[in-house]
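Contents: one structure, followed by commentary.
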Amino acid sequence: MNIAVLASGGGSNLRAILNAIQKGTIPGNITLVVSNNSTAGALEIARAHNIPAHHCSQLRYPSEEAFADALARLFDQHGVTLIALAGYMKKIPSVVIQRYRNRILNVHPALLPAYGGKGMYGIRVHQAVIASGEKVSGATVHIVDEEYDRGPIVMQKRIDVHPDDTPESLAKRVLAVEHEIYPMAIKAFVEGRVKIEGRKATVQS
Ligand code: GRF
(Lines give C-alpha, C1' and ligand atoms only; values in the text may rest on other atoms or scores of the structure.)
Protein backbone atom coordinates (compact mmCIF):
# COMPACT_ATOMS: atom_id res chain seq x y z
CA MET A 1 0.00 0.00 0.00
CA ASN A 2 1.35 3.46 -0.94
CA ILE A 3 0.96 5.87 1.98
CA ALA A 4 0.87 9.66 1.77
CA VAL A 5 1.61 11.47 5.05
CA LEU A 6 0.29 15.00 5.56
CA ALA A 7 1.94 17.01 8.33
CA SER A 8 2.20 20.63 9.43
CA GLY A 9 4.87 20.40 12.11
CA GLY A 10 7.93 18.58 13.33
CA GLY A 11 6.89 15.20 11.96
CA SER A 12 7.47 12.98 15.00
CA ASN A 13 4.50 10.82 13.94
CA LEU A 14 5.94 10.63 10.41
CA ARG A 15 9.20 9.46 11.94
CA ALA A 16 7.42 6.81 14.00
CA ILE A 17 5.65 5.47 10.90
CA LEU A 18 8.92 5.50 8.92
CA ASN A 19 10.68 3.59 11.72
CA ALA A 20 7.94 0.94 11.71
CA ILE A 21 8.27 0.58 7.92
CA GLN A 22 12.05 0.30 8.14
CA LYS A 23 11.70 -2.41 10.83
CA GLY A 24 9.39 -4.28 8.47
CA THR A 25 6.45 -3.94 10.86
CA ILE A 26 4.29 -2.15 8.28
CA PRO A 27 4.22 -3.91 4.86
CA GLY A 28 3.76 -0.69 2.92
CA ASN A 29 5.71 2.43 2.06
CA ILE A 30 5.45 6.19 2.25
CA THR A 31 5.49 7.50 -1.32
CA LEU A 32 4.70 11.13 -0.57
CA VAL A 33 4.84 13.70 2.23
CA VAL A 34 2.83 16.91 1.92
CA SER A 35 2.82 19.92 4.22
CA ASN A 36 0.97 23.23 4.23
CA ASN A 37 4.04 24.65 5.99
CA SER A 38 7.12 25.05 3.76
CA THR A 39 9.46 24.93 6.80
CA ALA A 40 7.85 21.87 8.41
CA GLY A 41 10.33 19.43 9.93
CA ALA A 42 8.25 16.68 8.34
CA LEU A 43 9.40 17.85 4.87
CA GLU A 44 13.03 17.69 6.04
CA ILE A 45 12.51 14.15 7.35
CA ALA A 46 10.99 13.14 3.99
CA ARG A 47 13.89 14.63 2.04
CA ALA A 48 16.42 12.89 4.29
CA HIS A 49 14.70 9.59 3.38
CA ASN A 50 14.49 10.43 -0.37
CA ILE A 51 10.70 10.58 -0.14
CA PRO A 52 9.00 13.15 -2.46
CA ALA A 53 8.23 16.11 -0.19
CA HIS A 54 5.79 18.81 -1.34
CA HIS A 55 4.73 22.11 0.11
CA CYS A 56 1.08 22.43 -0.86
CA SER A 57 -0.96 25.16 0.78
CA GLN A 58 -4.50 26.27 0.02
CA LEU A 59 -3.26 29.86 0.40
CA ARG A 60 -1.49 29.47 -2.93
CA TYR A 61 -4.62 28.50 -4.83
CA PRO A 62 -7.53 30.66 -5.98
CA SER A 63 -10.13 28.28 -4.54
CA GLU A 64 -10.63 25.15 -2.42
CA GLU A 65 -11.44 23.30 -5.65
CA ALA A 66 -8.10 24.26 -7.22
CA PHE A 67 -6.30 23.20 -4.03
CA ALA A 68 -8.23 19.91 -3.92
CA ASP A 69 -7.28 19.26 -7.56
CA ALA A 70 -3.61 19.89 -6.80
CA LEU A 71 -3.72 17.50 -3.82
CA ALA A 72 -5.58 14.82 -5.81
CA ARG A 73 -3.06 15.14 -8.65
CA LEU A 74 -0.18 14.66 -6.23
CA PHE A 75 -1.87 11.58 -4.76
CA ASP A 76 -2.46 10.16 -8.26
CA GLN A 77 1.13 10.85 -9.37
CA HIS A 78 2.41 8.86 -6.39
CA GLY A 79 -0.12 6.04 -6.54
CA VAL A 80 -1.40 6.89 -3.08
CA THR A 81 -3.87 4.39 -1.60
CA LEU A 82 -3.84 5.46 2.06
CA ILE A 83 -3.55 8.98 3.50
CA ALA A 84 -2.25 9.46 7.05
CA LEU A 85 -2.70 12.89 8.65
CA ALA A 86 0.10 13.30 11.19
CA GLY A 87 -0.05 16.63 12.95
CA TYR A 88 -1.79 18.17 9.92
CA MET A 89 -3.61 21.32 10.96
CA LYS A 90 -5.72 22.07 7.88
CA LYS A 91 -9.12 20.84 6.68
CA ILE A 92 -9.11 18.15 3.99
CA PRO A 93 -11.28 19.28 1.06
CA SER A 94 -14.53 17.28 1.03
CA VAL A 95 -13.95 16.19 -2.57
CA VAL A 96 -10.71 14.49 -1.41
CA ILE A 97 -12.54 12.86 1.53
CA GLN A 98 -15.15 11.53 -0.89
CA ARG A 99 -12.53 10.23 -3.27
CA TYR A 100 -10.58 8.52 -0.49
CA ARG A 101 -13.62 7.48 1.54
CA ASN A 102 -12.52 5.42 4.57
CA ARG A 103 -8.88 5.62 3.44
CA ILE A 104 -7.81 8.74 5.35
CA LEU A 105 -6.57 8.30 8.94
CA ASN A 106 -5.78 10.89 11.62
CA VAL A 107 -4.22 10.72 15.05
CA HIS A 108 -5.67 12.95 17.77
CA PRO A 109 -4.05 13.58 21.18
CA ALA A 110 -7.15 12.76 23.29
CA LEU A 111 -9.76 10.05 23.80
CA LEU A 112 -12.30 11.04 21.11
CA PRO A 113 -15.12 11.90 20.96
CA ALA A 114 -14.08 13.83 24.09
CA TYR A 115 -11.78 16.83 23.61
CA GLY A 116 -12.11 16.84 19.84
CA GLY A 117 -13.64 19.05 17.19
CA LYS A 118 -12.88 22.49 15.83
CA GLY A 119 -10.19 24.35 17.72
CA MET A 120 -9.22 21.30 19.80
CA TYR A 121 -5.64 20.68 18.74
CA GLY A 122 -2.12 20.74 20.14
CA ILE A 123 -1.60 22.04 23.68
CA ARG A 124 -5.22 23.29 23.91
CA VAL A 125 -6.38 19.69 24.15
CA HIS A 126 -4.20 18.99 27.19
CA GLN A 127 -5.08 22.30 28.83
CA ALA A 128 -8.77 21.36 28.55
CA VAL A 129 -8.20 17.82 29.86
CA ILE A 130 -6.31 19.09 32.92
CA ALA A 131 -8.73 21.98 33.51
CA SER A 132 -11.58 19.46 33.55
CA GLY A 133 -9.82 17.36 36.18
CA GLU A 134 -9.76 14.24 34.01
CA LYS A 135 -8.00 11.24 35.54
CA VAL A 136 -7.27 9.62 32.16
CA SER A 137 -6.33 10.81 28.72
CA GLY A 138 -4.72 9.19 25.71
CA ALA A 139 -4.62 9.16 21.91
CA THR A 140 -7.02 8.13 19.16
CA VAL A 141 -6.58 7.00 15.56
CA HIS A 142 -9.73 7.55 13.54
CA ILE A 143 -11.05 7.64 10.01
CA VAL A 144 -11.32 11.18 8.62
CA ASP A 145 -14.72 12.16 7.31
CA GLU A 146 -16.47 15.47 6.79
CA GLU A 147 -16.99 16.08 10.49
CA TYR A 148 -13.85 17.21 12.37
CA ASP A 149 -12.51 14.39 14.61
CA ARG A 150 -15.80 12.46 14.36
CA GLY A 151 -14.96 9.63 11.98
CA PRO A 152 -15.05 5.93 13.04
CA ILE A 153 -12.49 5.21 15.77
CA VAL A 154 -9.88 2.63 14.73
CA MET A 155 -7.66 2.53 17.82
CA GLN A 156 -7.30 4.25 21.20
CA LYS A 157 -4.93 3.91 24.14
CA ARG A 158 -5.47 5.37 27.61
CA ILE A 159 -2.90 6.77 30.02
CA ASP A 160 -3.33 8.18 33.54
CA VAL A 161 -3.25 11.92 34.07
CA HIS A 162 -0.83 12.53 36.97
CA PRO A 163 -1.89 14.96 39.72
CA ASP A 164 1.19 17.10 39.03
CA ASP A 165 0.79 17.01 35.25
CA THR A 166 1.06 20.25 33.31
CA PRO A 167 -0.39 20.49 29.78
CA GLU A 168 3.21 20.17 28.52
CA SER A 169 4.07 17.07 30.55
CA LEU A 170 0.78 15.40 29.57
CA ALA A 171 1.32 16.36 25.90
CA LYS A 172 4.71 14.64 25.96
CA ARG A 173 3.30 11.37 27.31
CA VAL A 174 0.32 11.44 24.95
CA LEU A 175 2.62 12.05 21.98
CA ALA A 176 4.52 8.89 22.94
CA VAL A 177 1.20 7.01 22.84
CA GLU A 178 0.54 8.42 19.36
CA HIS A 179 3.90 7.10 18.21
CA GLU A 180 2.89 3.69 19.54
CA ILE A 181 -0.66 3.32 18.20
CA TYR A 182 -0.44 5.14 14.86
CA PRO A 183 1.98 2.64 13.30
CA MET A 184 -0.12 -0.21 14.76
CA ALA A 185 -3.31 1.23 13.26
CA ILE A 186 -1.64 1.81 9.88
CA LYS A 187 -0.27 -1.75 9.96
CA ALA A 188 -3.78 -3.11 10.60
CA PHE A 189 -5.13 -0.98 7.76
CA VAL A 190 -2.40 -2.06 5.30
CA GLU A 191 -3.01 -5.71 6.26
CA GLY A 192 -6.72 -5.33 5.54
CA ARG A 193 -7.71 -5.96 9.19
CA VAL A 194 -9.73 -2.77 9.65
CA LYS A 195 -13.42 -3.27 8.92
CA ILE A 196 -15.63 -0.19 8.70
CA GLU A 197 -19.39 -0.56 9.06
CA GLY A 198 -21.15 2.79 9.03
CA ARG A 199 -19.72 4.83 11.88
CA LYS A 200 -17.98 1.89 13.52
CA ALA A 201 -14.53 0.49 12.79
CA THR A 202 -13.22 -2.79 14.15
CA VAL A 203 -9.69 -4.12 14.00
CA GLN A 204 -9.26 -7.88 13.60
CA SER A 205 -6.24 -9.24 15.47
C1 GRF B 1 1.03 16.91 18.12
O2 GRF B 1 0.32 17.88 18.90
C3 GRF B 1 0.22 15.68 18.02
O4 GRF B 1 -0.55 15.48 19.19
C5 GRF B 1 -0.68 15.93 16.87
O6 GRF B 1 0.08 16.75 15.98
C7 GRF B 1 1.10 17.44 16.72
C8 GRF B 1 2.49 17.32 16.15
O9 GRF B 1 2.69 16.06 15.64
N10 GRF B 1 -1.08 14.71 16.24
P11 GRF B 1 4.07 15.70 14.86
O12 GRF B 1 5.17 15.73 15.89
O13 GRF B 1 4.30 16.76 13.80
O14 GRF B 1 3.84 14.34 14.31
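The values are calculated or read from the model by the stated rules, or taken from the named source; none is laboratory data. Keep in mind it's a predicted model, so treat the numbers as computed, not measured. With ideal geometry, Cβ positions are generated from the backbone for all residues, glycine too; neighbour counts draw on all protein chains shown.
Computed quantities for the displayed model
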{"read-out": "Count of segment 117-148 residues which are within 21 Å of the chain's Cα centre (by Cα), surrounded by 14 or more Cβ atoms within 10 Å (Cβ to Cβ) and acidic (Asp, Glu)", "value": "1"}
{"read-out": "Condition broken by Tyr121, with the remaining ones in (1) aromatic (Phe, Trp, Tyr); (2) within 12 Å of Val5 (Cα to Cα); (3) within 16 Å of the ligand (Cβ to nearest atom) satisfied", "value": "(2)"}
{"read-out": "Helices (runs of 4 or more DSSP H) wholly inside segment 22-110 containing at least 2 residues that are away from the ligand (no atom under 16 Å from the Cβ)", "value": "64-77, 94-99"}
{"read-out": "Pairs, first within 14 Å of Pro27 (Cβ to Cβ) in segment 183-205, second modelled with pLDDT under 95, C-beta under 8 Å, six or more apart", "value": "Phe189/Met1; Val190/Met1; Arg193/Ser205"}
{"read-out": "Qualifying position, being under 19 Å from Pro167 (Cβ atoms) and outside the structural domain of Val190 (by TED's automatic domain parsing), among Met89, Met120", "value": "Met89"}
{"read-out": "Any hit, segment 126-144, residues being closer than 30 Å to Pro27 by Cβ, charged (D, E, K, R) and not assigned by TED's automatic domain parsing to the domain that holds Lys90", "value": "no"}
{"read-out": "Output for segment 154-172, where each listed residue is touching a strand residue (DSSP E or B) at 6+ places or on another chain (Cβ under 8 Å) and surrounded by fewer than 19 Cβ atoms within 10 Å (Cβ to Cβ)", "value": "Gln156, Lys157, Arg158, Ile159, Asp160"}
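Listed here are the residues, each with its yes/no results for (1) touching a helix residue (DSSP H, G or I) at 6+ places or on another chain (Cβ under 6 Å); (2) under 24 Å from Pro109 (Cα atoms); (3) of a type outside the set (A, V, I, L, M, F, W, C).
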residue	(1), (2), (3)
Pro52	no, no, yes
Gln58	yes, no, yes
Phe67	yes, no, no
Gln77	no, no, yes
Ile83	no, yes, no
Val95	yes, no, no
